[in-house]
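The structure under discussion appears below in the form of C-alpha cells.
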Amino acid sequence: MALINVAAREIHCKVVYYGPGMGGKTSNLQHIHNRAPDGTKKGKLLSIETETERTLFFDFLPLDLGKVRGFDTHFHLYTVPGQGLYDRTRVAVLNGADGVVFVADSQVQKLQENLASLKELAMNITRQNKKFQDFPVVLQYNKRDIQPVYEEQVLPDGTRRRRQVAGALPVAVLDKYINPKMQWQRFEAVAMRGDGVFETLRAISKLVISKL
Amino acid sequence: MDPQLTSLIVPTEEVMQIEECLMHLVEDTGGSHALLLDKSGQVITSQGDGNQDITALGALIAGTFASSREVAKLLREKDFRMLFQQGVRENIFIALIEEQWILCIIFNKGTHIGLVKVLTKKATDELASVLDRVRHQHKQRDEVLGSSFRTSMEDTIDLLFRD
C-alpha cells in the first residue's frame with residue numbers, strides 16, 4: 001500500500017520485480033541504478049545475495065522522482081529471489097507491494113518455470129486479500145536476444161516437423177501461454193544491456209500512480 | 001481496513017503526534033534513534049541523531065519482520081510481535097503495531113533492554129490509537145494531492161524514464 005505523508009509532502013510506492021530464477025530481475029535494477037536518468041535521485045543498490053551472487057533475500061533500490069505538484073515521489077524497487085527454495089522469502093518481500101513487474105525468461109526451456117512463477121504470484125497476491133485481476137502487473141519478456149535453435153523431427157508417419165529446442169520463444173507464443181487474455185501490458189527486453197528496462201519501469205510506475 | 005485500499009494517507013497532525021511519541025521514546029530510553037515504518041518498508045518518520053541510511057534501514061527491518069512472520073507461520077505461531085537484535089555496540093528492538101506499522105528503536109549497551117521493552121509497549125499503544133485515527137479519517141486522494149496530480153505525475157514519468 002502506497003504511503004502518503006502529508007506533513008513531509010512525500011509519496012512512497014513499492015514495486016516488486018518477480019519471476020523465475022536467473023530471469024533478469026536483478027539485471028533490471030542494476031541497469032536502472034547505473035543509468036538513473038537526470039532528474040531522479042537514486043539511493044544505493046542494496047543486494048542480499050548468496051556467495052554465488054544469486055539473490056538470497058532481495059535487491060533494493062530507492063528512486064526519488066523529485067517533486068510533482070509539491071509532493072516528493074519515491075519509488076522503492078525490490079526483486080525477489082527466484083529460486084524455488086525461497087518461496088516464503090518471496091511472500092515476505094511481496095508484502096505491501098503496490099505493483100509487480102513480472103520478468104519472464106523468454107527461453108523455450110523456461111516456459112514451465114515462468115508459468116509456475118506466475119501462478120505462485122497470483123496465489124501470493126490473493127493471500128494478501130487483494131484481487132489479482134485488479135492488481136497492477138506489467139510483463140517483461142526478457143532475453144529476447146537469444147537466437148532460437150530448431151531441430152527437425154521425423155514423425156512416425158514419415159512427415160518432418162521443425163521444433164524449437166532452445167533460444168527465445170516468439171512473442172506470440174509467450175503471449176499465448178503467459179498473457180492469453182492480453183490483460184497486462186508487456187514489453188520485450190534484454191535487461192543485461194538495458195533494452196526495454198526503462199520502458200517497463202515507465203509502464204509500472206504509471207499503473208501504480210493510477211491506482212493511488 | 002479495506003484490503004483493496006491502495007494508499008494510506010497520514011495527515012500532518014498525526015505525523016506530528018508520531019514524531020512526539022518517537023522523540024519521547026528516544027529521550028526516555030536513552031536510545032539513539034527511533035523509526036516508524038509501514039510494513040512495506042517505507043519510513044513514515046524517524047527521530048534521533050543517527051546518521052544511518054534510513055531508507056535502506058527501513059527496507060531491511062521490514063524485510064526481517066516479514067521474514068520472521070513466515071517463520072512464525074511455519075511454527076504455527078500467529079506472529080512474532082517483537083524482535084530483538086543484539087550487537088557488540090548497538091541493539092535494535094522492533095515491535096509490530098496492528099499488523100500495519102513497525103516501531104523500531106536503536107540503542108546501545110548503556111540502555112537496559114527491560115526499560116526499552118516497557119517503554120516500547122507504551123509507545124506502541126499510543127501509536128496504535130494514532131493508526132486507528134488514520135484509518136478512520138482516510139481522506140480521498142484528490143483531496144490531498146489535487147485532481148491534476150495524476151496527469152502531472154504521468155508527464156514526469158514519461159520525461160524521466162526513456163530508454
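The values are calculated or read from the model by the stated rules, or taken from the named source; none is laboratory data. Note that the coordinates shown come from a computational prediction; the quantities given were computed from them, not determined experimentally. Ideal geometry is used to build each Cβ from the backbone, glycine not excepted, and the neighbour counts take in all protein chains shown. To get the accessible areas, we keep the full protein, side chains included, count just its heavy atoms, and leave off ligands, DNA and RNA. Shrake-Rupley method; radii C 1.70, N 1.55, O 1.52, S 1.80 Å.
Mean silhouette area of the range A:3-210, derived from the convex hull of its C-alpha atoms and averaged over all directions, reads 13.7 nm². For the pair B and A, how large is the buried accessible area, both sides, in square angstrom to the nearest 100, if the probe is 1.4 Å? Between B and A, the summed buried area is about 4500 Å². Placing +1 on each Lys and Arg Cβ and -1 on each Asp and Glu Cβ, with no other charges, gives chain B a dipole about its Cα centre of roughly 740 debye.
Here chain A is assigned +1 on the Cβ of each Lys and Arg and -1 on the Cβ of each Asp and Glu. Its dipole about the Cα centre then comes out at about 520 debye. Taking θ as phi - 60° and the Karplus parameters 6.51, -1.76 and 1.60, the scalar couplings of the range A:164-174 work out to 7, 10, 7, x, 6, 6, x, 4, 4, 6, 4 Hz in sequence order, x denoting glycine and proline. For A:Thr52, the accessible area of its heavy atoms, probed at 1.4 Å with every protein chain present, is near 110 square angstrom. Counting only protein heavy atoms and a probe of 1.4 Å, the accessible surface of the range A:3-210 is 49% carbon and sulfur. Placing pseudo-labels 7 Å out from each Cα toward the beta carbon at B:Asp49 and A:Thr126 gives an inter-label distance of 5.4 nm. Computed over the range B:11-163, the convex hull of the alpha-carbon atoms projects to a mean area of 12.1 nm².
Using the Karplus relation 6.51 cos²θ - 1.76 cosθ + 1.60 with θ = phi - 60°, the per-residue 3J(HN,Hα) values for the range A:97-104 come to 5, 9, x, 10, 9, 8, 8, 8 Hz, with x marking Gly and Pro. For A:Glu10, the residues whose amide H sits under 5 Å from its own are A:Asn5, A:Asp72, ignoring neighbours fewer than 5 places away on the same chain, with H placed 1.01 Å from N.
Give the calculated FRET efficiency between A:Gln164 and A:Glu53 to the nearest 0.05, with a Förster radius of 35 Å applied to their Cβ-Cβ distance. Efficiency, rounded to the nearest 0.05: 0.75. For the range A:3-210, the per residue solvent-accessible surface stands at 45 Å², with DNA, RNA and ligands left out and a 1.4 Å probe. Normalised by residue count, the range A:55-127 yields a Cα convex hull volume of 112 Å³ per residue. Database remark: amide H of A:Ala166 closer than 5 angstrom to the amide H of A:Val149 (H placed geometrically; neighbours at sequence offset of 5 or more, or on other chains; Pro and chain starts carry no H). If you count Lys pairs in the range B:12-137 whose Cα atoms are under 19 Å apart, skipping same-chain pairs closer than 8 places in sequence, the total is 5. For chain A, the longest principal axis of the alpha carbon atoms and the long axis of helix A:197-210 meet at an angle near 50°.
Residue by residue, the range A:179-189 carries 3J(HN,Hα) couplings of 10, x, 8, 6, 7, 10, 5, 9, 10, 7, 8 Hz when phi is fed to the Karplus relation 6.51 cos²θ - 1.76 cosθ + 1.60 (θ = phi - 60°); x denotes Gly or Pro. Taken along its principal axes, the alpha carbon cloud of the protein assembly as shown reaches lengths of 84, 47, 36 Å, longest axis first.
Solvent-accessible area of B:Leu119, all protein chains in place: 40 Å² (probe radius 1.4 Å, heavy atoms, ligands and nucleic acids excluded). Across the range A:3-210, the relative contact order, built from alpha-carbon pairs under 8 Å that are at least six residues apart, equals 22 percent.
Cα convex hull of the range B:2-100: how many Å³ per residue? List each step's numbers first, then the result.
Details: hull volume 12.2 nm³, N = 99.
Each residue corresponds to 123 Å³ of Cα convex hull volume.
When the convex hull of its Cα atoms is viewed from all sides, the range B:71-135 shows a mean projected area of 5.1 nm².
Taking Cα centre as origin and charging only the Cβ of basic (Lys, Arg, +1) and acidic (Asp, Glu, -1) residues, the dipole magnitude of the range A:1-71 rounds to 360 debye.
Given a 1.4 Å probe and the protein chains as shown, A:Lys42 ends up with an accessible area of around 100 Å².
Quick query: amide H of A:Glu188 versus all other amide H atoms, modeled in the peptide plane; which residues come in under 5 Å with a sequence gap of 5 or more or a different chain? Answer set, sorted by chain and number: A:Tyr141.
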